Amino acid sequence: MNLPRILIIEDDEAIGDAIVAIAKKNDLDPVHASDGRSGLTLCLEEHFDLVVLDIGLPIMDGWEVLERIRAHSTIPVLMLTALDGESDKVRALEAGADDYLTKPFGIRELGARLVALLRRSTRTPAQHPGADRFVDGSFEIDFSAHTVIQNGRVVAVTELEFQLLDVLVTNTGTTVLVEHLVDLLWDVPFPDAEEWLKFTVFRLRRKLGWTPGNSPLEAVRGEGYRYLRRH
Ligand code: CA
């Protein structure tokens, strides 16, 4: 059986080794490049299923590597961004990264994200019979264009956040259990999954400008989350 190949472009030796180890643990076949140029060359010359890309790299930085990868390929890219680098995250998504993780990150989280990203890239999109658009007042999801719109403005959400919204609005009014969400979003259970889900909801609400007292996305204590229509 061929294991999925993952290219890790990271100059920090300790972080690179940790990513290699977690990739192996998740049955991935890792290749490690420690500068931007050799990483880009590998990516363009060999077949990979996923790229983990650091921003600060010698010879060629992560932004240029991403730009050059995107000129040739739609391969899933997870970018490693700096702590509190909010503008880096937005820039990464806008530049075509599929997901990002903020340093310092938990290595188990990274493993789960890699597996989820691979799974998403090989899965066909969810079907929405009868409607390819969800509208609730000024909040809209365009499923076919894969975009989230709030007050007429496209909100940059990650693939993970999009999937979370997708399942909640598809089940509007119904509480979706935490276990089901974790299973859907990450596939593999990991110890911090519930916290990570909570954080994902928090980040999503913040992006959409939904305050806890005025959010259609509600936490149901001890059970899960639900979307309640406002219009
Ligand atoms: Ca670096």
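The values are calculated or read from the model by the stated rules, or taken from the named source; none is laboratory data. Please read these numbers as outputs of a predicted model, since none were measured by experiment. Cβ placement follows ideal geometry from the backbone for every residue including glycine, while neighbour counts extend to all protein chains displayed. Ligands, DNA and RNA are excluded from the accessible area calculation, which covers all protein heavy atoms including side chains. Shrake-Rupley method; radii C 1.70, N 1.55, O 1.52, S 1.80 Å.
Results, tabulated for the structure shown:
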{"read-out": "q = 0.17 Å⁻¹: log10 I(q)/I(0) that the Debye formula gives for region 133-227, counting C-alpha atoms only", "value": "-0.71"}
{"read-out": "Per residue accessible area in Å² of region 133-227, where ligands, DNA and RNA are left out and the probe is 1.4 Å", "value": "48 Å²"}
{"read-out": "For region 165-182 and region 25-88, distance of Cα centres in Å", "value": "32 Å"}
{"read-out": "Peptide ranges 156-169, 90-103 listed from the most packed, as the mean C-beta count within 10 angstrom indicates", "value": "156-169, 90-103"}
{"read-out": "Hull volume in cubic angstrom per residue (convex hull over the Cα atoms of the chain)", "value": "132 Å³"}
{"read-out": "Farthest toward positive dipole pole in region 133-227 [+1 Lys/Arg, -1 Asp/Glu at C-beta], among Val148, Asn171, Trp186", "value": "Val148"}
{"read-out": "Efficiency of FRET between Leu3 and Arg37 - r from beta-carbon atoms, R0 25 angstrom, step 0.05", "value": "0.45"}
{"read-out": "Neighbourhood charge, 15 Å Cβ-Cβ cut-off, centred on Ser144 and excluding it, Lys, Arg +1 and Asp, Glu -1", "value": "-3"}
{"read-out": "Anisotropy class of region 28-119 from Cα gyration tensor, a/c 1.5 cut", "value": "rounded"}
{"read-out": "Within-12-Å neighbourhood charge of Val167 [Cβ basis; K, R +1; D, E -1]", "value": "-2"}
